[in-house]
Amino acid sequence: MKITIIGSGYVGLVTGACFAEVGHNVICLDNDTQKIKQLSRGIIPIYEPKLEPMIKSNMNDNRLSFTTSYKKAVHNANVIFIAVDTPSKKNGDADLTSVKNVIKNIAENMNGHKVIVQKSTSPVGTNYLIKNLLLKSLKRAKKDFTFDIASNPEFLKEGNAISDFMKPDRIIVGIENNNLSKLFDQIYKAFNRKSYKIQYMDIKSAELTKYAANAMLATKISFINELANIADMVGADIDKVRNGIGADKRIGYEFLYPGCGYGGSCFPKDIKALNHIASKHNYVSRLLNAVDNINDDQKNILFKKVKSFFGNKLKGMTIAVWGIAFKPETDDIRYAPSITLINSLIDSGVFVKSYDPIATLSKDFNFDSNKYKEYKTASAAAKNADALIICTEWKEFWSIEPDKLKKLLIKPIIFDGRNIYSPDLMSRHNITYIGIGTNNLDSH
Ligand code: NAD
């Protein structure tokens with residue numbers, strides 16, 4: 001099949017590459033000329049495991065190409081997926097500027113019947129907004145073409161996006177014209193081989209399903225983080241508590257890891273957007289507010305622990321931070337807890353030495369080089385630091401040699417925002433180890 005994807009970011013590129021991989025003929029469009037120039041030369045502007053070889057091999061097989069031309073992209077296919085950004089506005093609502101721009105451009109270039117599939121995460125009702133906007137734009141352009149709309153929210157996780165897309169837990173498709181099911185069955189045929197994954201539903205339910213999934217996952221994170229803070233206060237160990245509750249099948253172990261808060265381009269903005277949807281209907285979502293507020297506080301937890309440990313001595317200290325990306329296996333730093341932490345450290349007069357295998361803050365933040373520096377290796381960042389903070393649990397941090405690390409640090413102190421080390425091991429090596437909900441420091 002011929003498929004067009006509009007928006008070539010994390011979702012658009014993965015969707016385009018995976019559709020091409022199963023034999024579809026895909027054109028990906030973006031209005032970022034530089035990005036398309038790079039992609040056309042086989043340079044992938046983001047880091048996502050397995051994405052680069054998949055894009056390159058499908059480009060070589062002429063099943064995947066990139067363009068900035070709406071005419072080319074719209075004329076290419078009868079099915080057009082929208083995968084553009086839907087960031088947060090100041091009031092928490094989703095900003096649909098990019099989606100609206102896409103629709104205007106599609107209308108201007110329509111040359112026949114199209115199925116417009118919204119893959120971007122957007123508030124309930126957005127598909128009907130798309131429908132009305134497209135109808136108006138076509139009328140204005142005196143074009144007499146028909147179209148269908150569909151909602152096909154994306155559930156991939158950055159860092160595991162290719163596997164998630166190729167082996168989805170479910171494929172949610174919201175349609176108002178039941179005949180479209182044949183089309184989606186065909187598009188997703190290769191992904192349904194083991195078992196039929198598509199769930200058809202009405203458009204509004206599909207739109208809400210995406211927000212509901214992210215809200216549930218964010219709630220789990222804020223729940224375990226709240227419990228971790230209570231564990232710290234009462235002198236319990238959250239990792240033992242986690243095992244204790246996870247054994248109950250109704251609760252399970254998944255997504256119950258205490259840490260320094262969730263970040264990324266989805267949870268923070270989607271929780272705010274769902275909250276905004278509720279408030280537009282005069283409903284105050286106490287749960288979503290709590291999830292959001294707990295997370296805002298949790299992003300400060302590492303700094304609070306550092307401050308309570310060092311007191312007023314922070315000014316003039318050097319502290320190493322391992323991990324900048326909002327989670328491992330991605331270069332995405334959007335809403336990353338590391339940003340909150342590093343800003344607070346710098347504001348307190350600390351010199352921050354950071355290391356991340358892939359991500360960088362230097363492109364987006366103009367830190368003074370006397371206050372912040374990024375290093376090429378974890379050891380170089382840790383060398384001569386007064387303490388080490390783990391912010392992202394990249395695999396290479398999991399099996400350090402405690403004695404080697406001790407020699408690098410001026411003081412053997414680790415603040416672990418992801419609880420990746422054993423407190424017993426650290427204590428055997430005389431390293432002061434402060435995790436999230438695993439230390440009884442405050443209660444002694
Ligand atoms: P992104 O910012 O990485 O990519 C969006 C792309 O759209 C950018 O390359 C941008 O240049 C392009 N764009 C913006 N306006 C355009 C226009 N008018 N015409 C053409 N291109 C345009 O965003 P993303 O992370 O891929 O997310 C896209 C959507 O998918 C969002 O709604 C997001 O919430 C949702 N989503 C993201 C993830 C994720 O893990 N990143 C997962 C599921 C769903």
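Every read-out reported here was derived from the displayed coordinates using simple, explicitly stated rules and does not represent laboratory data. All values derive from a computational prediction rather than experimental measurement. Because the Cβ atoms are built from the backbone with ideal geometry, glycine has one as well, and the counts that use them run over all protein chains shown.
General remarks:
- Highest mean first, the peptides 43-51, 294-302 sorted by other C-beta atoms within 10 Å per residue fall in the order 294-302, 43-51.
- Dipole of the chain, positive direction: furthest Cα of TYR335, PHE397, TYR10, with charges on the beta-carbon: TYR10
- Over the stretch 1-110, the ratio between the Cα radius of gyration and 2.2 N^0.38 Å evaluates to 1.05.
- Relative to the longest principal axis of the Cα atoms of the chain, helix 337-347 runs at roughly 50 degrees.
- A compact globular protein would have a Cα radius of gyration near 2.2 N^0.38 Å; the ratio found for the stretch 326-389 is 1.05.
- Rg to Rh quotient for the stretch 107-176, alpha carbon positions, Kirkwood Rh: 1.08
- DSSP-defined beta bridges in the chain - what % are antiparallel, rounded to 5: 5 percent
- Under-5 Å amide H pairs with LEU64, H placed in peptide plane, nonlocal only: VAL26, MET59
- Here's how it looks for ILE434: its modeled amide H is under 5 Å from those of ILE414, PHE415, ASP416, which are all 5 or more places away or on a different chain.
- Each 10 Å bin from zero up to the one holding the largest Cα-Cα distance in the chain carries the following percent of pairs: 4, 19, 27, 24, 16, 8, 2, 0.
- Residues whose amide H falls under 5 Å from that of LYS157, counting only those 5 or more places apart or on a different chain, are ASP164, with hydrogens built in the peptide plane.
- Dimensions (Å) - the stretch 120-272, Cα atoms, principal axes, largest first: 70, 37, 25
- Applying Stokes-Einstein at 25 °C and 0.890 mPa s to the Kirkwood radius of the stretch 205-283, computed over alpha-carbon pairs, gives a translational diffusion coefficient of 176 µm² s⁻¹.
- Projected label distance in nm at ASP296 and LYS407, using a 7 Å step from Cα toward the beta-carbon: 4.6 nm
- Within the stretch 1-59, the percentage of alpha carbon pairs spaced more than 20 angstrom apart rounds to 12%.
- Distance between the stretch 196-267 and the stretch 322-374 - C-alpha centres, whole angstrom: 25 Å
- Spatial separation of Cα centroids for the stretch 1-76 and the stretch 274-290, in angstrom: 37 Å
- 3J(HN,Hα) couplings calculated from phi for the stretch 40-49 with the Karplus curve 6.51 cos²θ - 1.76 cosθ + 1.60 (θ = phi - 60°) are, in sequence order, 5, 8, x, 9, 9, x, 10, 9, 8, x Hz; Gly and Pro show x.
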